[in-house]
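One structure below.
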Amino acid sequence: MRIGVDVGGTNTDAVLLDGKEVLGAVKRPTSGDVSTGISDAIGALISECNIRPDEIKAVMIGTTHFTNAFIQRRELVPVYAIRMGFPAGRGIPPFASWPSDLKASVCGDFAMVPGGFEFDGREISALDEEAISKAVFEARKKGIGQLAVSCIFSQLNADHEKRVSDLIRKQAPEMQVSLSSELGRVGLLERENAAIMNASLRPLAAKITAAFKHALHDQGITAPFYISQNDGTLMSADYMQRYPVMTFAAGPTNSIRGAAWLTGAENAIVVDIGGTTSDIGVLKDGFPRQSTVHVDVGGVRTNFRMPDILSIGLGGGSLVRENGDKVTVGPDSVGYRLLSEGLIFGGGTMTASDIAVAGGQTSFGEPERVADLSPALVSQARQAIRELIDDGVDRMKTTPDDIPMILVGGGSVIVSETPKGVSEMLHPAHAGVANAIGAAIGQVSGEIDRIYNIAGPQERADALADAKAQATAHAISAGAHPDSIKVVNIEAVPLQYLPGGATRVVCQTVGDLAMVE
């Protein structure tokens, strides 16, 4: 048996799976201290399903804590950034494009030192170890315990970053180091930003891990727990403490994976409707389609792995307004206050949920409270909701052909008609907790994204084999069983703007949890 938990901003969802059967599901309010909400949800689940804690083989947790912390500028620590590439990489210093309020919280200081590589692997200049030691001394003097290390073309050759990490470990073993080559993709500034973001969150990651352990201990669960990452797979708690940014956007990703598991679909549009927003993603071969463009997180441009998600302001709590002869829905919402402010709950605010009840799409709350809404108003509001979904689906499709759509999330009751461009609309049982199910079924992945110099067929074969080996090693280090690993995606794209056969190779592998057969 596995327990899947999704810790959202409003609710904490928990589900119990026995193989492919959903034995139970609960929702509980998310708590400020994290552990209480998780403990309450798991405790209720154990009680409802009448099982013993020692029957649980593993717990999988998805959380939005790190995304929210970065966007809301809270619980972040100062970071000292070291960039190798001087003088070639001195034009735009670290933190240059960061929002001023975020920079004030995270920028401890930075140093740009000699080192780095050309695209073909040649050194720009030799690594200046004395300058590194000086930078570490300065960081220690400022009381900074987090270092972010980046290097020009470290995706091609990470030797300088690894050497700096070794030097820091010897000089200041108490400091934690985040390497850009382990986090971001091609693009120095974006990859450097990813390393800085990761470093700023690592103390919070330790705190969150302790809270998760405490919550499970309270319920008598001794099974290992894993954390959802944003490609639809899992990582161990130790791995998460090293790479907390890999949890960004894990919530929508879990919903997409849960939707696939509930329906058996491999390729589809997934619409996850919550209380405030709808997240629209694409299921491709059983996993979320990844974004191919740089991603902005909290005002910072970065390039680490992220799912391709479109968020629109439509949810169960979205406000419905009459503006003359036009009716609008959202983007603002009453959110978690729906249970007190919605018309069907005795409040005075008209919401999308009220429209769904008045239109006969669903029944909850007190339906008689919306019985006197005019049919014209209800019809226009439903049309506005339909247009928002139609537009969102159209923006995420890449072909003109109709494709299946899976509708999940607690607010999915507000949609009843099949959108344009959709061949069939699937609304499976347990759709309201698809996010927690997605966490529970997670596998473990490894990814490599780097540049190779490929001059001929043999070099190409060698490069692909090396990428597969490295991605497999990453999956094993994240907790995958070595015998279960398979390659789910590999791409080799020639870089026309670089001479000499430079080719970007991206490889992703996936395997089952080593501790859960």
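The values are calculated or read from the model by the stated rules, or taken from the named source; none is laboratory data. In this text, all values refer to a predicted model and were calculated from it rather than measured experimentally. Quick reminder, even Gly has a Cβ in these numbers, built from the backbone with ideal geometry, and neighbours come from all protein chains shown. Each accessible area value is taken on the protein alone, full model and side chains, heavy atoms only, with ligands, DNA and RNA left out. Shrake-Rupley method; radii C 1.70, N 1.55, O 1.52, S 1.80 Å.
Give the residue that is farthest from residue 352 (Cα to Cα), with candidates limited to residues of segment 414-448 that are among the polar types (S, T, N, Q) and open to solvent by 10 Å² or more (accessible area, probe 1.4 Å). Of everything passing the filter in segment 414-448, 443 is farthest from residue 352 (Cα to Cα).
Taking the listed residues 55, 75, the one that is exposed (fewer than 15 other Cβ atoms within 10 Å of the Cβ), at pLDDT 80 or above and not small (Gly, Ala, Ser) is 55, with no other qualifying. Condition test on residue 125, is it farther than 23 Å from residue 450 by Cβ and of a type in the set (Gly, Ala, Ser)? Here the answer is no, as residue 125 does not meet what is asked. Residue pairs whose Cβ atoms lie under 7 Å apart, separated by 6 or more positions or on different chains, with the first residue in segment 63-89 and closer than 25 Å to residue 235 by Cβ and of a type in the set (S, T, N, Q) and the second part of a strand (DSSP E or B) and modelled with pLDDT under 85, are 63/7; 64/7.
Of all the residues in segment 454-497, those that are closer than 21 Å to residue 514 by Cα, open to solvent by 60 Å² or more (accessible area, probe 1.4 Å) and in contact with a helix residue (DSSP H, G or I) (Cβ under 8 Å, 6 or more places away or on another chain) number 4. Among the candidates 392, 411, the residue that is over 30 Å from residue 1 (Cβ atoms), open to solvent by less than 30 Å² (accessible area, probe 1.4 Å) and among the small types (Gly, Ala, Ser) is uniquely 392.
Conditions (1) surrounded by 24 or more Cβ atoms within 10 Å (Cβ to Cβ); (2) not β-branched (Val, Ile, Thr), marked per residue:
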residue: 131; (1), (2): no, yes
residue: 136; (1), (2): no, no
residue: 159; (1), (2): no, yes
residue: 183; (1), (2): yes, yes
residue: 194; (1), (2): yes, yes
residue: 211; (1), (2): no, yes
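Of the residues that make up segment 252-272, is at least one assigned to a helix (DSSP H, G or I), within 23 Å of residue 448 (Cβ to Cβ) and either open to solvent by 20 Å² or more (accessible area, probe 1.4 Å) or touching a Ser or Thr at 6+ places or on another chain (Cβ under 8 Å) (or both)? Scanning segment 252-272 turns up at least one residue that is assigned to a helix (DSSP H, G or I), within 23 Å of residue 448 (Cβ to Cβ) and either open to solvent by 20 Å² or more (accessible area, probe 1.4 Å) or touching a Ser or Thr at 6+ places or on another chain (Cβ under 8 Å) (or both). Assess whether residue 320 counts as being modelled with pLDDT of 85 or more and open to solvent by 10 Å² or more (accessible area, probe 1.4 Å). Judged against the criteria, residue 320 is a match.
Mind listing just one residue for me: the one in segment 169-180 that is open to solvent by less than 30 Å² (accessible area, probe 1.4 Å) and within 29 Å of residue 507 (Cβ to Cβ) and, of those, modelled with the lowest pLDDT?
Residue satisfying both the conditions and the ranking: 180.
Annotation note: of 305, 337, the sole residue that is of a type in the set (Lys, Arg), over 23 Å from residue 395 (Cβ atoms) and at pLDDT below 80 is 337. For segment 6-43, residues that are closer than 23 Å to residue 338 by Cα, at pLDDT 85 or above and open to solvent by less than 30 Å² (accessible area, probe 1.4 Å) total 6.
Of all residues in segment 399-408, those satisfying the criterion of being open to solvent by 20 Å² or more (accessible area, probe 1.4 Å) and in contact (Cβ under 8 Å) with a residue 40 or more places away in the chain are 403, 404.
Candidates are the residues of segment 210-251 that are among the polar types (S, T, N, Q) and either assigned to a loop (DSSP other than H, G, I, E, B) or modelled with pLDDT of 90 or more (or both); the one that is nearest to the chain's Cα centre (by Cα) is 230.
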